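Here is the structure we will look at, set down as structure tokens.
The values are calculated or read from the model by the stated rules, or taken from the named source; none is laboratory data. In this text the structure is predicted, and so the values were computed from the model without any measurement. With ideal geometry, Cβ positions are generated from the backbone for all residues, glycine too; neighbour counts draw on all protein chains shown. Quick note on the areas: whole protein, heavy atoms, side chains included, nothing else; ligands and nucleic acids left out. Shrake-Rupley method; radii C 1.70, N 1.55, O 1.52, S 1.80 Å.
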Amino acid sequence: MNSVSRRLLFALLAMTAAQVRAEDGYELWLRYHAIANESLREHYQQAATEIAAPSTLALAQSELSRGLSGLLGRPEPITIQSTRNGSIVLGTPRSSPLITQLDLSLPKAGNEGYVIRSLTHEGHRITVIAANSDAGVLYGVFHFLRLIQTQQPIDALDIHEAPRIQHRILNHWDNLDRSVERGYAGQSIFDWQKLPDYLDPRYTDYARACASLGINGTVPTNVNPSPIGLTAPYLRKYAALANVFRPYGLRVYLTARFSAPIEMGGLKTADPLDPAVRAWWKAKVDEIYALIPDFGGFLVKANSEGQPGPQDYHRTHADGANMLADVIAPHGGIILWRAFVYSKDEPQDRAKQAYSEFAPLDGQFRDNVVLQVKNGPIDFQPREPFHPLFGAMPHTPLVLEVQITKEYLGFATHLVYLAPLFEETLRSDTYARGKGSTVARVIDGSLFGYHTTGMAGVSNIGADRNWTGSQFDQANWYAFGRMAWNPLSSSRQIAQDWVKMTFTNEPAFVEPVVDMMMGSREAAVNYMTPMGLHHQMARTTHYGPGPWVSGGSRADWTSTYYNRADAWGIGFDRTASGSNAVEQYAKPIAAELASTKSTPEQLLLWFHHLPWDYRTKSGRTLWDELVIHYSAGVQTVSGMRRTWAGLQSYVDPQRFNEISAFLTIQEKEAQWWRDASIAYFQSLSKRPLPAGYAPPGHDLKYYESLCFPYAPGHAPLPDAKCE
Ligand code: GCV
């Protein structure tokens, strides 16, 4: 066979493989499928002819080799030293004399950053991927492969990357029985019963995927932890995981139940100031470090939603956090103390409580305590204003917590790309130190000079073959990792990279899909909770609409507490005439939010209680505007479904069909959200729908009667009943 026919055959094989091979999504964005464009592939082949790496970088070298063999359709020779044009040289100053000789500005890369540079060495054109640590080289390799996956030029590279955030951590809400709280991707990937003896290869694949994004920490256990989670047998299981994760730069952290000294240690108290309690925690921490020498620290949910905490002993959150911080400090660990606290006995607006609790404690925490704060003051709603604690704690490092799993955004079947939500929070201006004091600058430490920085994402990962319950939810894991590395990243750019790596580089596919992703979050806001409405979902399971939800064990778990809708109007007054939550923001923001005229309309009903005939910026009444927003949300989803239907030729059948089916579910459920919400609010407003807008398909009673006691992400409701 001559070379032309060989090439033809290769191209044919590559094309057929792409079209015929069913894909289930397991490969994530690390699909190293051969580049179909022959001249481009040849171009890359010339720029990557061999891999030169010291033996200590076996992992980075094998990833690069795997990537290049797949993408370029041939294995690359591996050498120790660069020998020819197109050599890709990996190294750290410690492992490679060549890297030591070159002036690469490596000190600026820190412990995890890297440099990728094209240069001439001994007459050869080579590419160097260098870092100060093995993990840094691995991150550089993933970046380099991404350039090829997204078909970027690699001939004149001069890339200097270092994470802007130190701790980039996934929080799994995984239970020891393998159920996942608010998880929609099947069981937990952590098979506790078989650990530590059986190590599912998936643990390695998970660590590899995390490393490809620079995620460097994981908390495998729920923040609502079981008391037995810190017993010796479980510590051995975490240690086995830590051994798998370590080469990928991924450290293990654990959740700690504050009352563990009672439940596991047999003590009569868990009072943080009690010497016996402190001694118990010290022994426990020593035991953990003996098994996991690079253990990251504890994540603690205390005095929140029924969890025990220092307030049970009339101590403050600082007393509790500092006790743990003291015993873990000698090992170099940190305490991630969650600020998601609100009390069932507290008459204060729930949106205000975390600030009221923690802002006065600023400066009272040990150096190795960081406060983990959700993006908004309620709870991962489709849209919230930024949390007022950002900007209010100059002396206490704040870590941003976002939710990757979509508890309030339609679970796995709704296509909602979350990066625009993360971006909206990160770019919000707190005005804490004047204009430009964005949340991104708070959490990257540059605003207040925090010595520790972090970003945490509540994981959407489960044992489903596609990892995240849907193909598009992989993009949310991906975006979290990229934004935690650099909170100034653009959500659109991230979407573009992800689409190219996960599907194809074809512009006719990439452009509409990226547009669809970029509009998807606003669509969900519209069909679920437009114009600042929030917490309108069904009780407990959080599946589907429930704007009528009221009564029950606590008011701040009901929808009517938040919508305050009646015959007169709708919305939560958080100005001085109401809960005055606005005063928790810096003056310029507080002033803006105090007036209906200057409050952004997308947050109007978060801050104001307004009559149904209030005139919005469009000149329409609030009632009409709400109906129009709900309807627009449904229309956007219908458009997404149609767009996807036209893209069949670009995607393998398995993923295409799954996504098509999910978009159909989303369209149906968007309509359900719209209709149920309109039916309920119309029963109060008694207003006609604006001309041309269809009435709900059913009466209110019908929507109220729907009950899904086995909805995923939550233990089945007692007696299979919704109330
Ligand atoms: C882990 C919300 C969720 C809970 C979750 C809690 C938290 O309330 O519904 O399932 O508990 O947030 O963040 O701690």
> If you average the sequence gap of Cα pairs under 8 Å that are 6 or more apart and divide by the length of the chain, what percent do you get for the contact order?
Replying inline: 11
> Distance from the Cα centre of segment 542-584 to that of segment 48-67, in angstrom?
Replying inline: 56
> For segment 161-196 and segment 73-101, what is the separation of their C-alpha centers, rounded to whole Å?
Replying inline: 35
>> Quick check on the chain: of the DSSP beta bridges with both residues there, what percent are antiparallel, nearest 5%?
In response: 30
> Which Cα, out of TYR198, VAL285, GLN81, lies furthest along the positive dipole direction of the chain (beta carbon charges, K/R +1, D/E -1)?
Replying inline: GLN81
> segment 501-625: percent of C-alpha pairs farther apart than 21 Å?
Replying inline: 51
>> I'm checking a number: the convex hull volume of the Cα atoms of segment 312-467, normalised per residue, in Å³. What is it?
In response: 146
>> Defining a contact as two alpha carbons under 8 Å apart and six or more residues distant in sequence, what relative contact order in percent does segment 179-306 show?
In response: 26
>> Using all alpha carbons of the chain, what is the percent of pairwise distances in each 10 Å bin, ordered from the shortest bin to the longest?
In response: 3, 14, 23, 26, 19, 11, 4, 1, 0
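Expected output is a single nm value to one decimal: the length gained when fully extending between ALA232 and TRP568, i.e. 0.36 nm times separation in residues minus the C-alpha distance. What is it?
115.0 nm
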> In µm²/s, what is D for segment 623-693 at 10 °C and 1.306 mPa s, where D = kT/(6 pi eta Rh) by Stokes-Einstein and Rh is the Kirkwood radius from Cα pairs?
Replying inline: 117
>> Expected output is a single nm value to one decimal: the length gained when fully extending between SER343 and ASP362, i.e. 0.36 nm times separation in residues minus the C-alpha distance. What is it?
In response: 4.8 nm
> Roughly how many nanometres apart are two label points built 7 Å out from the Cα toward the Cβ at ARG615 and ARG246?
Replying inline: 7.0
> So, by mean Cβ neighbours within 10 angstrom, what's the order for 176-182, 226-232 with the highest one leading?
Replying inline: 176-182, 226-232
>> How tilted is helix 317-328 with respect to the longest principal axis of the chain? Cα atoms for both, answer in degrees (0 to 90, nearest 10).
In response: 20
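Find the Rg to Rh ratio for segment 262-333, where Rh is the Kirkwood radius over alpha-carbon pairs and Rg uses the same atoms.
Reported Rg/Rh (Cα atoms, Kirkwood Rh): 0.96.
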>> Over the chain, with the other protein chains present, what is the accessible area per residue in square angstrom, probe 1.4 angstrom?
In response: 37
> How far apart, in nm, are two points set 7 Å out from the Cα along the Cα-to-Cβ line at ALA276 and at ASP719?
Replying inline: 4.2
> Using Cα atoms only, what is the angle between the long axis of helix 201-213 and the major principal axis of the chain, expressed in degrees (0 to 90) to the nearest 10?
Replying inline: 90
> What list of ³J(HN,Hα) couplings, whole Hz, do you get for segment 687-697 from phi and the Karplus terms 6.51, -1.76, 1.60, once you set θ to phi - 60° and write x for glycine and proline?
Replying inline: 9, x, 6, x, 4, x, 9, 5, x, x, x
>> Amide H of ALA432 versus every other amide H placed in the peptide plane: which residues, excluding those fewer than 5 positions away on the same chain, fall under 5 Å?
In response: SER437
> THR664 to HIS314: extension gain in nm, 0.36 nm per residue of separation minus the Cα-Cα distance?
Replying inline: 120.8 nm
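Please give the FRET efficiency for ASP191 paired with ALA691, using the beta carbon to beta carbon distance and R0 = 60 Å, rounded to the nearest 0.05.
0.55
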> Applying the Karplus parametrisation 6.51 cos²θ - 1.76 cosθ + 1.60 with θ = phi - 60° to the phi angles of segment 577-583, what ³J(HN,Hα) value in whole Hz is obtained for each residue in order, glycine and proline being reported as x?
Replying inline: 7, x, 6, 6, 4, 4, 5
> Can you tell which of PHE708, SER677, GLN654 lies farthest toward the positive end of the dipole of segment 628-723, using +1 and -1 charges on the Cβ of basic and acidic side chains (Lys, Arg; Asp, Glu)?
Replying inline: SER677
> To the nearest 20 debye, what is the magnitude of the charge dipole of segment 189-237 about its Cα centre, counting +1 on the Cβ of each Lys and Arg and -1 on the Cβ of each Asp and Glu?
Replying inline: 60
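Return an integer: the convex hull volume of the alpha-carbon atoms of segment 97-227, in Å³ per residue.
161
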> Which of the peptides 500-506, 576-582 is most tightly packed, and how do the rest follow, going by the mean number of other Cβ atoms within 10 Å of each residue?
Replying inline: 500-506, 576-582
> Rounded, prolate or oblate: which one fits segment 99-170, using the alpha carbon gyration tensor with axes a ≥ b ≥ c (rounded when a/c is under 1.5, else prolate when a/b beats b/c, else oblate)?
Replying inline: oblate
> Long-range amide H contacts for ARG178: which residues qualify at under 5 Å (H placed 1.01 Å from N, peptide plane, sequence gap of 5 or more or a different chain)?
Replying inline: none
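What FRET efficiency comes out for the pair ASN224/TYR26, r = Cβ-Cβ distance, R0 = 35 Å, nearest 0.05?
Working: r = 29 Å, r/R0 = 0.84.
The value I calculate is 0.75.
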> Peptides 656-668, 195-207: what's the order by average Cβ count within 10 Å, highest mean first?
Replying inline: 656-668, 195-207
> So what is the relative contact order of segment 302-375, in percent, for Cα pairs below 8 Å that sit 6 or more residues apart?
Replying inline: 37
> Got a sec to turn the phi values of segment 506-520 into Karplus ³J(HN,Hα) couplings, 6.51 cos²θ - 1.76 cosθ + 1.60 with θ = phi - 60°, whole Hz, x for Gly and Pro?
Replying inline: 4, x, 5, 9, 4, 4, x, 6, 5, 4, 4, 5, 5, x, 6
>> Given a 1.4 angstrom probe, I'd like the percentage of the accessible area of the chain that is carbon and sulfur, rounded to a whole number.
In response: 53
> So for segment 346-478: antiparallel DSSP bridges make up what percent, rounded to the nearest 5?
Replying inline: 10
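For an R0 of 30 angstrom, estimate the FRET efficiency from the Cβ-Cβ distance between SER490 and ARG465 and round to the nearest 0.05.
It comes out at approximately 0.50.
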> Under a 5 Å amide H to amide H cut-off, with H placed in plane at 1.01 Å, what residues pair with HIS121 once short-range neighbours are removed?
Replying inline: ILE126
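Helix-only estimate, please: 222 nm mean residue ellipticity of the chain, summing -39500 (n - 2.57) across DSSP H runs of length 4 or more and dividing by its residues, to the nearest 500.
-12000 deg cm²/dmol, from helical runs alone.
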>> Need one number: nm distance between label points at ARG427 and GLN46, each 7 Å from Cα along Cα→Cβ, rounded to one decimal.
In response: 4.0
